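Chemist: Below is one structure. I have some questions about it.
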Amino acid sequence: MIHCIAIDDEPLALQLITEYCLKISFLRLEKTFTNTDEAKAYLASNSIDLLFLDIQMPDITGMQFYKNLVKKPPVIFTTAYKDYALDGFNVDAVDYLLKPFEYDRFLKACYKAKEYIEFLNSQELQLNSIFVKVNYEIMKMNLKDIDLIEALDDYIKIYLKPTPVLTLMTLKNILEKLPPRDFIRVHRSFIVPVAKIEKFSKTKVWVQGKEIPIGSSYGKVYDQLWELSQK
């Protein structure tokens, strides 16, 4: 089941989306919003799989609203203005529905979203380990066993139990291998697994009893951690 919400300043547009969603067996429309502040508050404490989002709204455009989200669910934009189509695809929108849209077009967009979400879920299930070159061998590491990753000049130190390992690569390179929802870079020298964080403040996180600074150029880390802590 795909859990979704819809945001639009026009109640009639939300009514139509609600009627369409009721016809689709794999969709569950949890809530609808005409107010973006209320929608943002809901997203801060609830996890959804799909977002239907109008672009032209009075206080903030749907595009701005989506870009400001820390955690961005797959989105289908709905709007009466075709000029925004390119912007929609630039933020990796699943689809872009031009009002007024018929049920068949809406259904097609929802099937695209279903395929995309199933792909993301399959990737997430597969990504429970990574391979890293250690000395002259390729070593498999289970992600749940990683306590901390630290940059040391040209190497990085991966803290594993019982023994940490060194590998010749950068934090940027290994971050690309890691699932973004499970690992977060908090400093130019540190990546931490979210599940291992014991506590955090605006300037520090604590992992496995070790105090890690949050770098001055990583100002959004606190907001990201706060949002994740509310899930």
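The values are calculated or read from the model by the stated rules, or taken from the named source; none is laboratory data. What you are looking at is a predicted structure, and each value in this text was computed from that prediction instead of being measured. No Cβ is skipped: glycine too gets one built from the backbone with ideal geometry, and neighbour counts run over all protein chains shown.
Chemist: Going by the conditions given, is residue 36 of a type in the set (S, T, N, Q), at pLDDT below 95, over 24 Å from residue 119 (Cβ atoms) and touching a strand residue (DSSP E or B) at 6+ places or on another chain (Cβ under 9 Å)?
Modeler: Criteria met by residue 36.
Chemist: Out of the residues in segment 159-203 that are basic (Lys, Arg) and within 22 Å of the chain's Cα centre (by Cα), state the one that is farthest from residue 137 (Cα to Cα).
Modeler: Ranking the candidates gives 202 first.
Chemist: Of the residues in segment 47-61, how many are modelled with pLDDT of 90 or more, in contact with an Asp or Glu (Cβ under 8 Å, 6 or more places away or on another chain) and part of a loop (DSSP other than H, G, I, E, B)?
Modeler: Residues meeting the conditions: 1.
Chemist: So for segment 62-72 (the condition being part of a loop (DSSP other than H, G, I, E, B), surrounded by 14 or more Cβ atoms within 10 Å (Cβ to Cβ) and at pLDDT below 90), does at least one residue qualify?
Modeler: yes
Chemist: State all residues of segment 139-164 that are closer than 18 Å to residue 128 by Cβ and free of Cβ contacts under 8 Å to residues at least 40 places away in the same chain; if no residue qualifies, say none.
Modeler: 139, 140, 141, 142, 145, 158, 160, 161
Chemist: From 135, 173, which residue is surrounded by 12 or more Cβ atoms within 10 Å (Cβ to Cβ) and either under 18 Å from residue 212 (Cα atoms) or at pLDDT below 90 (or both)?
Modeler: None of the other options fit; the residue is 173.
Chemist: Give the residues of segment 188-208 that are at pLDDT 85 or above and either outside any strand (DSSP E or B) or more than 21 Å from residue 156 (Cβ to Cβ) (or both), sorted by residue number.
Modeler: 188, 189, 194, 195, 196, 198, 199, 200, 201, 202, 203
Chemist: Within segment 175-183, can one find any residue that is touching a residue at least 24 places away in the same chain (Cβ under 8 Å), within 28 Å of residue 2 (Cβ to Cβ) and in contact with an Asp or Glu (Cβ under 7 Å, 6 or more places away or on another chain)?
Modeler: Checked against the condition, which is being touching a residue at least 24 places away in the same chain (Cβ under 8 Å), within 28 Å of residue 2 (Cβ to Cβ) and in contact with an Asp or Glu (Cβ under 7 Å, 6 or more places away or on another chain), segment 175-183 yields at least one hit.
Chemist: Being modelled with pLDDT of 90 or more and charged (D, E, K, R) narrows it down to one of 182, 104, 153, so name that one.
Modeler: Matching residue, one of 182, 104, 153: 104.
Chemist: Between a first residue in segment 14-30 that is closer than 23 Å to residue 115 by Cβ and surrounded by 15 or more Cβ atoms within 10 Å (Cβ to Cβ) and a second residue that is modelled with pLDDT of 95 or more and aromatic (Phe, Trp, Tyr), which pairs have beta carbons less than 6 Å apart while being 6 or more apart in sequence or on different chains?
Modeler: As it stands, the answer is 17/52; 20/103; 20/106, since those pairs meet every condition given.
Chemist: Could I ask something else about it? So for segment 81-88 (the condition being part of a loop (DSSP other than H, G, I, E, B) and either modelled with pLDDT under 90 or surrounded by fewer than 20 Cβ atoms within 10 Å (Cβ to Cβ) (or both)), does at least one residue qualify?
Modeler: yes
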